[in-house]
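Asker: This structure is in structure tokens; I'll ask about it shortly.
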Amino acid sequence: MRTHYCGELDASLVGRTVTLCGWAHRRRDHGGVIFIDLRDREGLAQVVFNPDARDAFATAEKVRNEYVLRVTGLLRKRPEGSTNPELRSGEVELVAREVEILNASVTPPFQIDDDNLSEEVRLANRVLDLRRAPMQKNLRLRHRAAAAVRRFLDEQGFVDIETPFLYKSTPEGAREFLVPSRLHDGHFYALPQSPQLFKQMLMVAGFDRYYQIVKCFRDEDLRADRQPEFTQIDVETSFLDEAAIRALMEALVRHVFRVAAKIELADPFPVMRYDDAIRDYGIDKPDLRVALKLVELTDVMKDVDFKVFAGPANTAGGRVCALRLPGGGALPRSQVDGYGELARTLGAKGLAWIKVNESAKGAAGLQSPIVKNLHEKALAETLRRCEARDGDLILFGADRAVVANEVMGTLRQKLGHELGHVEKGWRPLWVVDFPMFEEDAEAKTWKARHHPFTSPKDGHEEFIESAPGKAYAKAYDVVLNGWEIGGGSVRIHRPEVQEKVFRALNISKDDQRAKFGFLLDTLQYGAPPHGGIAFGLDRMVALMAGTEAIRDVIAFPKTQRGQDLLTGAPTPVTEKQLRELHIRLRNSPQS
């Protein structure tokens, strides 16, 4: 039906007869001459309708925005002064001889090139939103990224194997989506949070290198980088150690960013231990572009009179730390108070601060409600460790370490960006040596930091039961510009080590059989050393595209309330459907 795409036209085709198909992006009637910008997936082309082509001109008069057209004509150079350097086709225009309206359109709710649409309007009219150039660009970028993943892994000997979407409910962290079984009354499938258990079984089956670009499902609270259904690049290998897995997967990330988006990442990626990341940045996915670090002050504040600092400093698991904002002393008090409000939303009781006016004169040059509660030695050491200068603002976190880290880590990244303490470019990072377990303070029990099949570091097997807090894992995350884009680990392949982990987690023999019996049975048959990783394809593409939300790189996403505004999902279902699934609603007359 066509000879070329609209965006392919250029001066090399002048004098050729060309047929285009696409949508009427915009129609302009210049009193005797009609111009239509025709749009397809490759871009725009200007089509000119002159009255001497009587039939084509008469048809063009009927055309409105988003009509689907087929146009044939002669390609010519645009008159001098009317070229458009923003378009590949900006030097040429098609003089129409024939035009056919393939389909009409009702008036769309917005102009397709409108960049000021609310997200509700965009998602409710997602098909039209997908016609917009930014969305076309994002989804084609996603296609290139996925294709690059496949090419790289295929060349490295990985085998693409599908795993089930309907499978057994297993405790893997997040809440699952459950699917009732019609044939088995009261029984449910679960949608997979990841193919974790199946890919381990594929290693025992001898496939050696597996991958899959796969949908995963988690019924958890949503945010900009999280959706109830998301896409993972899932990878598992046999007979590779932690360093070899990281090297291979790092090469994959570099390849995908280079091929899909022409972005060059560091070679090699820097490596940081989890404990160092928490100490310096408060979080395990630091944005290294932000040139600020946390400063440890727990030991300094043990003997001060200020209980807000002394309490956490003298409590096991407490922390006092500081964040210096260069030049922040010039910020208005209202803005500093706003940071305190943010800290409270993150779990802090408040946010102490000091403005440094004349640091050389000690306390006399410091402005803060807390200065009178800190002795000269503590103040001097705080200024020294923070490397404070005149005009700086120092913010303090003092609480249980988990709270202080969350608050100060979040403030560091947010204020670093807002106040200009951020570099341009790309800063990848491996975060390694995660704790195997984390303590549930309320229940006074331990739970797996990643999942219960993560292998301990060599020599840490002895800590699994005797001192779980000292056990570290062969676990690793890939972080890029403050986004965790992937995470994985070496898995436990020896039964005696797996048994220790289950005991540390207080998982009884009966629960082991009920929850993981099929995997444990499989691992008995000569499981090889194995490990892998899962990358978030949505997050990787969002970073490449320069967007804040993964919704902008997913064709049909959900809102932050888990709704599909296009189709109206989730929706009620009929009583008949529920009866077939043996489900009775609470307010049903038959319940």
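Asker: For segment 541-563, state whether one or more residues are out of contact with any helix residue (DSSP H, G or I) (no Cβ under 8 Å at 6 or more places or on another chain), over 30 Å from ILE263 (Cβ atoms) and either touching a residue at least 24 places away in the same chain (Cβ under 8 Å) or assigned to a helix (DSSP H, G or I) (or both).
Answerer: Within segment 541-563 (the criterion being out of contact with any helix residue (DSSP H, G or I) (no Cβ under 8 Å at 6 or more places or on another chain), over 30 Å from ILE263 (Cβ atoms) and either touching a residue at least 24 places away in the same chain (Cβ under 8 Å) or assigned to a helix (DSSP H, G or I) (or both)), the answer is yes, since at least one residue qualifies.
So that you can scan it fast, the table gives a plain yes or no per residue for (1) in the same structural domain as ALA313 (by TED's automatic domain parsing); (2) touching a Leu at 6+ places or on another chain (Cβ under 9 Å); (3) farther than 30 Å from ASN506 by Cβ:
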| position | (1), (2), (3) |
| --- | --- |
| GLY347 | yes, no, no |
| LEU393 | yes, yes, yes |
| GLY397 | yes, yes, yes |
| GLU406 | yes, yes, no |
| LEU429 | no, yes, yes |
| ALA441 | no, no, no |
| PRO452 | no, yes, no |
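Asker: Tell me whether segment 151-163 contains one or more residues that are touching a residue at least 24 places away in the same chain (Cβ under 8 Å), within 18 Å of PHE239 (Cα to Cα), out of contact with any Asp or Glu (no Cβ under 9 Å at 6 or more places or on another chain) and in a helix (DSSP H, G or I).
Answerer: No, segment 151-163 contains no residue that is touching a residue at least 24 places away in the same chain (Cβ under 8 Å), within 18 Å of PHE239 (Cα to Cα), out of contact with any Asp or Glu (no Cβ under 9 Å at 6 or more places or on another chain) and in a helix (DSSP H, G or I).
Asker: Here's something else I'd like to know. Return the total of residues in segment 55-76 being closer than 16 Å to THR19 by Cβ, polar (S, T, N, Q) and touching a Lys or Arg at 6+ places or on another chain (Cβ under 7 Å).
Answerer: Looking only at that region, the number is 1.
Asker: Then there is this: Is there a residue being under 30 Å from LEU265 (Cβ atoms) and not β-branched (Val, Ile, Thr) anywhere in segment 325-332?
Answerer: yes
Asker: Being under 22 Å from ARG144 (Cα atoms) and out of contact with any strand residue (DSSP E or B) (no Cβ under 9 Å at 6 or more places or on another chain) is the filter; apply it to segment 216-256 and report the residue that is surrounded by the fewest Cβ atoms within 10 Å (Cβ to Cβ).
Answerer: Going through the qualifying residues, I end up with ALA251.
Asker: Is there a residue in segment 122-144 that is free of Cβ contacts under 8 Å to residues at least 40 places away in the same chain, under 30 Å from LYS447 (Cβ atoms) and in the same structural domain as GLU236 (by TED's automatic domain parsing)?
Answerer: no
Asker: Out of all the residues in segment 348-357, is one or more basic (Lys, Arg) and without any contact (Cβ under 8 Å) to a residue 24 or more places away in the chain?
Answerer: no
Asker: Tell me, which strands (runs of 3 or more DSSP E) wholly within segment 10-83 include 1 or more residues that are exposed (fewer than 14 other Cβ atoms within 10 Å of the Cβ), basic (Lys, Arg) and more than 43 Å from the chain's Cα centre (by Cα)?
Answerer: The qualifying strands (runs of 3 or more DSSP E) are 68-77.
Asker: Here is a follow-up. Among the residues of segment 107-120, is any under 20 Å from the mean Cα position of the chain (by Cα) and either closer than 25 Å to THR231 by Cα or outside any helix (DSSP H, G or I) (or both)?
Answerer: Yes - at least one qualifying residue is present in segment 107-120.
Asker: Could I ask something else about it? Condition first: among the charged types (D, E, K, R) and touching a Cys at 6+ places or on another chain (Cβ under 8 Å). Can you find one or more residues in segment 69-76 that meet it?
Answerer: Yes: segment 69-76 contains one or more residues that are among the charged types (D, E, K, R) and touching a Cys at 6+ places or on another chain (Cβ under 8 Å).
Asker: Let me spell it out: the conditions are (1) over 29 Å from the mean Cα position of the chain (by Cα); (2) in contact (Cβ under 8 Å) with a residue 12 or more places away in the chain; (3) surrounded by fewer than 17 Cβ atoms within 10 Å (Cβ to Cβ), and GLU442 meets all of them except one. Which number is the exception?
Answerer: Every condition holds for GLU442 apart from (2).
Asker: Of the residues GLY31, GLY43, only one is without any contact (Cβ under 8 Å) to a residue 40 or more places away in the chain and on the phi > 0 side of the Ramachandran plot; which?
Answerer: So the residue among GLY31, GLY43 that is without any contact (Cβ under 8 Å) to a residue 40 or more places away in the chain and on the phi > 0 side of the Ramachandran plot is GLY31.
Asker: Return only the number of the condition from (1) at pLDDT below 95; (2) crowded, with 20+ Cβ neighbours inside 10 Å that ALA475 does not satisfy.
Answerer: (1)
Asker: Which one of ARG97, ARG140, ARG131, ARG88 is basic (Lys, Arg) and surrounded by fewer than 14 Cβ atoms within 10 Å (Cβ to Cβ)?
Answerer: Matching residue, one of ARG97, ARG140, ARG131, ARG88: ARG140.
Asker: Moving on. Look through VAL490, VAL497 and report the one residue that is within 27 Å of ALA467 (Cα to Cα), modelled with pLDDT of 95 or more and not assigned by TED's automatic domain parsing to the domain that holds MET201.
Answerer: Only one candidate passes the filter, namely VAL490.
Asker: Quick check on segment 381-392. Is at least one of its residues buried (at least 21 other Cβ atoms within 10 Å of the Cβ), at pLDDT 95 or above, within 34 Å of the chain's Cα centre (by Cα) and in a loop (DSSP other than H, G, I, E, B)?
Answerer: Checked segment 381-392: at least one residue is buried (at least 21 other Cβ atoms within 10 Å of the Cβ), at pLDDT 95 or above, within 34 Å of the chain's Cα centre (by Cα) and in a loop (DSSP other than H, G, I, E, B).
Asker: Out of segment 147-184, which residues are acidic (Asp, Glu), touching a strand residue (DSSP E or B) at 6+ places or on another chain (Cβ under 7 Å) and surrounded by 15 or more Cβ atoms within 10 Å (Cβ to Cβ)?
Answerer: Selection gives GLU176 alone.
Residue-by-condition table, conditions (1) surrounded by fewer than 19 Cβ atoms within 10 Å (Cβ to Cβ); (2) modelled with pLDDT under 95:
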| site | (1), (2) |
| --- | --- |
| LYS307 | yes, no |
| ASN314 | yes, no |
| GLY317 | yes, yes |
| ALA322 | no, no |
| PRO326 | yes, no |
| GLY329 | no, yes |
| ALA343 | no, no |
| GLY350 | yes, yes |
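Asker: If you take the residues of segment 352-370 that are small (Gly, Ala, Ser) and in a helix (DSSP H, G or I), which of them is modelled with the lowest pLDDT?
Answerer: Out of the qualifying residues, it is ALA360.
The values are calculated or read from the model by the stated rules, or taken from the named source; none is laboratory data. Quick caveat, the model's predicted, so the values are computed rather than measured. Glycine also receives a Cβ, built like all others from the backbone with ideal geometry; neighbour counts cover every protein chain displayed.
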